[in-house]
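Below is one structure, written out as structure tokens, with a few remarks after it.
What follows draws every value from the coordinates through simple rules; no lab data is involved. Keep in mind that this is a model prediction, so the values were computed, not measured. Neighbour counts run over all protein chains shown; Cβ positions are idealised from the backbone, glycine included.
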Amino acid sequence: MQHPKRYLVTAALPYSNGPVHIGHLAGCYLPADIYVRYLRAQKRDVKFIGGSDEHGVPITIRAMKEGITPQQVVDRYHAIIKESMEQMQISFDIYSRTSNKVHHETAAAFFTELYNKGLFEVKETEQYFDEKANTFLADRYITGTCPVCENANAYGDQCEKCGSSLSPEQLINPRSALSDAVPVKKATKHWYFPLQDYEPWLKEWIIDGHKEWKNNVYGQCKSWLDTGLQSRAMTRDSNWGIKVPLADAEGKVLYVWFDAPIGYISATKELTADWADYWCKEDTKLVHFIGKDNIVFHCIIFPAMLKAHGGFVLPDNVPANEFLNIEGEKVSTSRNWAVWVNEYLQDFAGCEDVLRYVLCANAPETKDNDFTWKDFQDRNNSELVSIFGNFVNRTWVLMHKLCGGKVPKWHADIVDDVDRTLIEDISNTAEKVKGLLEEFKFRDALFEVIDLSR
């Protein structure tokens with residue numbers, strides 16, 4: 001099997017408006033780390049890129065609620081998230097942040113390149129405005145009822161309950177998240193990226209060219225493309241974020257889903273002077289690990305941006321996971337219904353590998369799965385300790401007892417059928433595990449190891 005010359009693996013940038021929870025780990029960070037560790041063990045050239053997304057509207061909302069500045073918010077939570085990742089042994093080659101100077105320069109230059117090519121549509125439209133707060137409302141500042149699942153707390157860009165991507169106009173009974181006032185429409189100018197112009201290419205690239213993608217990813221992409229793409233605003237009215245690099249764009253910043261994926265590029269620039277080898281050479285395999293709520297951004301919007309810019313490799317695969325629920329209920333940060341990673345690390349000191357094991361064994365790879373503390377306990381005691389731990393312990397105890405703590409020499413003259421069967425089982429399991437890891441089936445790969453240990 002011919003392998004790519006190099007790999008570039010990214011994991012979704014978490015908003016630095018709060019700590020990460022175990023759903024984030026199970027969704028993208030743990031599977032990405034497992035994949036990267038496998039590639040490193042195979043002596044392949046790989047760079048693992050991560051970082052904090054520090055320009056999202058949730059950050060400014062958190063700042064207003066706490067009466068502090070957005071910079072204070074991102075400084076606090078970037079540190080917490082970075083420490084959590086390190087303690088959970090998520091082995092990034094770099095964990096950066098989008099407030100860094102190199103990212104501002106990279107994102108602004110990317111926008112300027114598309115602008116100079118004449119690719120943006122400039123539109124003056126009526127957008128929601130909060131008269132009480134005297135400010136335009138970004139999509140995330142608007143809440144209302146989702147027209148798809150009737151969730152009363154959907155955002156103006158997405159419903160976090162059903163995963164539907166929305167626009168503020170689609171919400172039923174929209175209200176301002178700042179003041180709870182009913183917003184009004186007011187004229188404003190923005191720069192739109194014409195996604196519809198890239199629809200034929202996206203259909204060929206995804207529908208015809210990537211049938212191997214996971215069913216949830218491929219299906220969601222096909223649904224978007226079948227419905228038809230429309231121009232999407234790539235700027236917002238705000239004073240927090242990357243300033244739009246145009247003279248007539250006072251008070252405008254780049255849309256967070258324009259600047260955030262470019263964070264993968266800027267972080268690679270920080271990491272190595274050879275960053276262009278990983279982003280611009282066709283013998284690179286680019287893999288994005290994300291949760292299912294980010295599929296449209298990583299599979300449609302960002303690839304279209306890269307195609308429009310030119311000179312960059314495109315994602316080879318985007319193995320998105322589904323959601324991990326807690327005790328039968330969807331994670332809710334507003335209700336504090338989550339298992340926060342930083343709190344777990346305090347309460348279960350030294351048990352990082354236990355959580356890694358349980359989250360991999362129960363990974364939501366094909367459907368939403370449920371985390372329960374009873375299952376956590378059972379998997380630790382019945383599988384990790386009783387099966388795998390016992391297997392490792394027996395091996396080491398007997399080796400120390402019978403061979404002085406050293407791996408014994410191979411004596412072909414005394415090998416019997418039992419030995420040959422065992423060695424063949426180990427070899428076959430290793431090949432199965434390799435194949436499953438190449439296909440992003442981490443849960444099945446883990447079960448193969450457990451089955452061998454029984």
Report task. Could you work out how far helix 442-453 tilts from the main Cα principal axis of the chain, as a 0 to 90 degree angle to the nearest 10? Result -> 10 degrees
Query raised in the report: HN-Hα J couplings of region 375-386 from phi, Karplus 6.51/-1.76/1.60, θ = phi - 60°, integer Hz, Gly and Pro as x?
Result: 5, 4, 5, 5, 5, 5, 6, 8, 10, 5, 8, 5
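Among His309, His103, His298, His3, what is the fewest-to-most ranking by other Cβ atoms within 10 Å?
On the way: His309 16, His103 26, His298 21, His3 13.
Sorted ascending by nearby Cβ count, the order is His3, His309, His298, His103.
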Query raised in the report: If the cut-off is a Cα-Cα distance under 25 Å, which lysines reach Lys185, setting aside same-chain residues fewer than 8 apart in sequence?
Result: Lys65, Lys123, Lys132, Lys243, Lys252
Query raised in the report: How about region 39-74: which trypsin sites (Lys or Arg not before Pro) there lie in a loop by DSSP and see at most 12 other Cβ atoms within 10 Å?
Result: Lys43
Query raised in the report: What full-extension length gain, to one decimal in nm, is calculated for Ile68 and Glu105 as 0.36 nm per residue of separation minus the Cα-Cα distance?
Result: 10.7 nm
Query raised in the report: Along its principal axes, what span do the Cα atoms of region 28-175 show, with the longest given first and each in whole Å?
Result: 56, 40, 34
**Report entry** Cα point-scatterer Debye curve for region 1-98, base-10 log of I(q)/I(0) at q = 0.18, 0.19, 0.25 Å⁻¹
**Finding:** -0.80, -0.87, -1.25
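Just need the relative contact order of region 240-302 here, percent rounded to a whole number, with Cα pairs under 8 Å and 6+ apart.
Numbers: 26 pairs, mean separation 14.8, N = 63.
Relative contact order comes out at 24 percent.
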**Report entry** For region 339-430, the spread of Cα positions along each principal axis, largest first, Å
**Finding:** 55, 32, 18
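Could you sort out which of Lys406/Lys432; Lys47/Lys330; Lys43/Lys441; Lys43/Lys269; Lys161/Lys214; Lys269/Lys367 sit more than 25 Å apart by Cα distance in this structure?
Details: Lys406/Lys432 28 Å; Lys47/Lys330 33 Å; Lys43/Lys441 20 Å; Lys43/Lys269 23 Å; Lys161/Lys214 21 Å; Lys269/Lys367 35 Å.
Too far apart for the 25 Å limit: Lys406/Lys432; Lys47/Lys330; Lys269/Lys367.
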Query raised in the report: Once phi is turned into θ = phi - 60°, what whole-Hz ³J(HN,Hα) does the Karplus curve with 6.51, -1.76 and 1.60 give for every residue of region 62-74, x standing for Gly and Pro?
Result: 4, 4, 5, 5, 9, x, 10, 8, x, 4, 5, 5, 5
Query raised in the report: Please state the relative contact order of the chain as a whole percent: Cα pairs under 8 Å, 6+ residues apart?
Result: 18 percent
Report summary line: If exposed means GluC sites (Glu not before Pro) lying in a DSSP loop and surrounded by at most 16 other beta carbons within 10 Å, then the longest stretch of the chain lacking such sites spans residues 1-130
Query raised in the report: Out of residues 5 or more away from Thr135 or on other chains, whose amide H comes under 5 Å of its own, with H placed 1.01 Å from N in the peptide plane?
Result: Asp130
Report summary line: Inter-part gap, Cα centre of region 154-222 to Cα centre of region 228-256, in whole angstrom, is 16 Å
Report summary line: Inter-part gap, Cα centre of region 22-97 to Cα centre of region 419-454, in whole angstrom, is 30 Å
